[in-house]
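Inspection log for the structure reproduced underneath, given as structure tokens.
The values are calculated or read from the model by the stated rules, or taken from the named source; none is laboratory data. All values derive from a computational prediction rather than experimental measurement. Here the Cβ positions follow ideal geometry from the backbone for every residue, glycine too, while neighbour counts run over all protein chains shown. What goes into the accessible areas is simple: the full protein's heavy atoms, side chains included, and nothing from ligands, DNA or RNA. Shrake-Rupley method; radii C 1.70, N 1.55, O 1.52, S 1.80 Å.
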Amino acid sequence: MENTNFLPAIIIFLVAYGIIISEKLNRTVVALLGAIAMVVFHILSQEEAFHVIDFNTIGLLVGMMTIVNILKRTGIFQYIAIKTAKLSKGSPWKIMLYFSVVTAVASALLDNVTTILLIAPVTFVITETLGLNPVPFLITEVLTANIGGTATLIGDPPNIMIGGATNLSFMDFLVNLGPVVVVIFIVVLFLLKFIYGSQLKISEENKAKIAEFDETKTITDPVLLKKSGIVLLGTIIGFAIHQSFGLESATIALLGAGILLLISKVDVEEILTEVEWPTIFFFMGLFIMVGALEEIGVIEVVANQLISLTHGNVFVTTMLILWVAAIASAFLDNIPFVATMIPLIHSIGATGMDTTPLWWALALGACLGGNGSVVGATANVIVSGMLHKKGYKLTFGDFLKIGFPLMLISVFISMIYLIIFYV
């Protein structure tokens, strides 16, 4: 392509990115209009635009959303939450601890947004019963959801995107990111106990109310639960071994979704309506806009500048990506940021540099950086909205005072981990 396309492509991208960050307009609409503008101004042909969409990421998202939408109809998530609360015997700290563990594990196996949507309503019920402020519990849950989601391929959208753009498998993510995520989870929980300890006190009368909950009533469809559980387990096993069969992760997710739709006998149209299509189309728009920059050489120019800045040093480049990703993701949507960084790292790899540590730095920075502010991750925004509807106040500053220092500590631990094991 001619360099005359550089300026219009950059203008379209920056304008769209700026509007997405400002949240003045619906981000899906902006991403799609930006993508269409790339075609209208002949920066990409329509065929090229469809070609740059990462359908592995799209397929993985649609497949997992479908499975989770069916699974949540069984009531299993409410059952787990109430059972966990009863195991705590009404101890506020134990409730926070157990819910955090459930949230982190569920976020790793499903995704952090879905997990928060399912566990937050139950948290409200339990905290209201105990006469406790739900804010510390929900902040803790959203922080641990973002931490837990960092550990796997399917836990957080940035990881899904990185997995779709590389040959990194579910097990690659789990083996390489799982250990440091466990350490970060333990450190953050310890600090949260120190921060919120004085607020976690209740009367013996309220404590006894937990025993009155009946978790068995939450299971609405035991047969569907068995079917969904078997398919979800099979899908997760499929993620672990898919490369041995020459299959992509999207194929496994869509296979699981297809089988569950077939055997569950649920209303297919209803389930597919519940798929987060705005998110899917947002991804598609981003892929096209970033693909256009890559196609005309903008990404390559930026990559060369970055190599020049770091003098091709793997250590410096890894640290730069980790910290820039973390700070940027604390205040910007990490999805468009990662969409921009993926082709950049590919271009860096083309210069001969080993990009393995760069991918892990990007995943850790982008996912953990989401804990930096209330707008840093979709799950944070959802919790803030839920609290507002219930009449509780969670300002940008309130979240920042808790989330940003914990995010910096998490990224510092990640930095030490990367230095020891990769660079």
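Yes or no: Val29 β-branched (Val, Ile, Thr), open to solvent by 60 Å² or more (accessible area, probe 1.4 Å) and within 21 Å of Glu276 (Cα to Cα)? Even if it seems obvious, please write down each step before you answer.
Working: β-branched (Val, Ile, Thr): yes; open to solvent by 60 Å² or more (accessible area, probe 1.4 Å): yes; within 21 Å of Glu276 (Cα to Cα): yes.
Considered against the rule, which asks whether it is β-branched (Val, Ile, Thr), open to solvent by 60 Å² or more (accessible area, probe 1.4 Å) and within 21 Å of Glu276 (Cα to Cα), Val29 comes out as yes.
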Note on Leu247: of the conditions (1) part of a helix (DSSP H, G or I); (2) open to solvent by 10 Å² or more (accessible area, probe 1.4 Å); (3) of a type in the set (A, V, I, L, M, F, W, C), unmet is (1)
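What about Thr144, is it free of Cβ contacts under 8 Å to residues at least 60 places away in the same chain, crowded, with 24+ Cβ neighbours inside 10 Å and of a type in the set (Ser, Thr, Tyr)?
Details: free of Cβ contacts under 8 Å to residues at least 60 places away in the same chain: yes; crowded, with 24+ Cβ neighbours inside 10 Å: yes; of a type in the set (Ser, Thr, Tyr): yes.
When the stated conditions are applied, Thr144 passes them.
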From (1) surrounded by 13 or more Cβ atoms within 10 Å (Cβ to Cβ); (2) more than 17 Å from Gly75 (Cα to Cα), pick out the condition that doesn't hold for Leu232. (2)
Note down all Cβ pairs under 8 Å where the first residue falls in the range 381-393 and is modelled with pLDDT of 85 or more, the second is open to solvent by 40 Å² or more (accessible area, probe 1.4 Å), and they're at least six residues apart or on different chains. Leu387/Lys393; Tyr392/Asn133
Top-ranked residue in the range 197-229 [being at pLDDT 90 or above and part of a helix (DSSP H, G or I); ranked as surrounded by the most Cβ atoms within 10 Å (Cβ to Cβ)]: Ser228
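To keep it simple, each residue is scored yes or no on (1) under 23 Å from Gly229 (Cα atoms); (2) open to solvent by 10 Å² or more (accessible area, probe 1.4 Å); (3) charged (D, E, K, R).
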position	(1), (2), (3)
Gly63	yes, no, no
Lys89	no, yes, yes
Phe99	yes, no, no
Gly131	no, yes, no
Thr140	no, no, no
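Give me the helices (runs of 4 or more DSSP H) completely within the range 259-367, filtered to those with at least 2 residues that are within 21 Å of the chain's Cα centre (by Cα), ordered by residue number.
Values: elements: 268-273, 277-295, 298-310, 314-331, 334-349.
Those helices (runs of 4 or more DSSP H) span 277-295, 314-331, 334-349.
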Which residue pairs have Cβ atoms closer than 7 Å, lie 6 or more positions apart in sequence or on different chains, and pair a first residue in the range 361-379 that is under 16 Å from Gly163 (Cβ atoms) with a second residue that is in a loop (DSSP other than H, G, I, E, B) and modelled with pLDDT under 95? Cys367/Asp156
One residue is enough: does the range 78-96 have a residue meeting the conditions touching a residue at least 12 places away in the same chain (Cβ under 8 Å), under 25 Å from the mean Cα position of the chain (by Cα) and farther than 26 Å from Leu110 by Cα? no
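Restricting the search to the range 32-52, which residues are hydrophobic (A, V, I, L, M, F, W, C) and open to solvent by 10 Å² or more (accessible area, probe 1.4 Å)?
Step one: filter the range 32-52 for residues hydrophobic (A, V, I, L, M, F, W, C), giving 32-33, 35-41, 43-44, 49-50, 52.
Answer for the range 32-52, where residues must be hydrophobic (A, V, I, L, M, F, W, C) and open to solvent by 10 Å² or more (accessible area, probe 1.4 Å): Leu32, Leu33, Ile36, Ala37, Val39, Val40, Phe41, Phe50, Val52.
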Mind telling me which of the residues Glu276, Glu270 ends up being open to solvent by 40 Å² or more (accessible area, probe 1.4 Å) and at pLDDT below 85? Glu276
Pick from the range 281-323, criterion surrounded by fewer than 23 Cβ atoms within 10 Å (Cβ to Cβ) and of a type in the set (Ser, Thr, Tyr), ranking: farthest from Asp354 (Cα to Cα): Ser308
Would you mind stating whether Thr127 is under 15 Å from Asn206 (Cβ atoms), open to solvent by less than 10 Å² (accessible area, probe 1.4 Å) and assigned to a helix (DSSP H, G or I)? yes
Just checking, how many residues over the range 154-169 are in contact with a Leu (Cβ under 8 Å, 6 or more places away or on another chain) and surrounded by fewer than 24 Cβ atoms within 10 Å (Cβ to Cβ)? 3
Picked from the range 183-196 (must be in contact (Cβ under 8 Å) with a residue 24 or more places away in the chain and more than 24 Å from Glu128 (Cα to Cα)), the residue surrounded by the most Cβ atoms within 10 Å (Cβ to Cβ) is Ile184
Quick one: Lys72 ticks every box in (1) in contact with a Cys (Cβ under 8 Å, 6 or more places away or on another chain); (2) open to solvent by 20 Å² or more (accessible area, probe 1.4 Å) bar one, so which box is it? (1)
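Among the residues of the range 372-380, is any out of contact with any Lys or Arg (no Cβ under 6 Å at 6 or more places or on another chain), modelled with pLDDT of 90 or more and open to solvent by 20 Å² or more (accessible area, probe 1.4 Å)?
Within the range 372-380 (the criterion being out of contact with any Lys or Arg (no Cβ under 6 Å at 6 or more places or on another chain), modelled with pLDDT of 90 or more and open to solvent by 20 Å² or more (accessible area, probe 1.4 Å)), the answer is no, since none of the residues qualifies.
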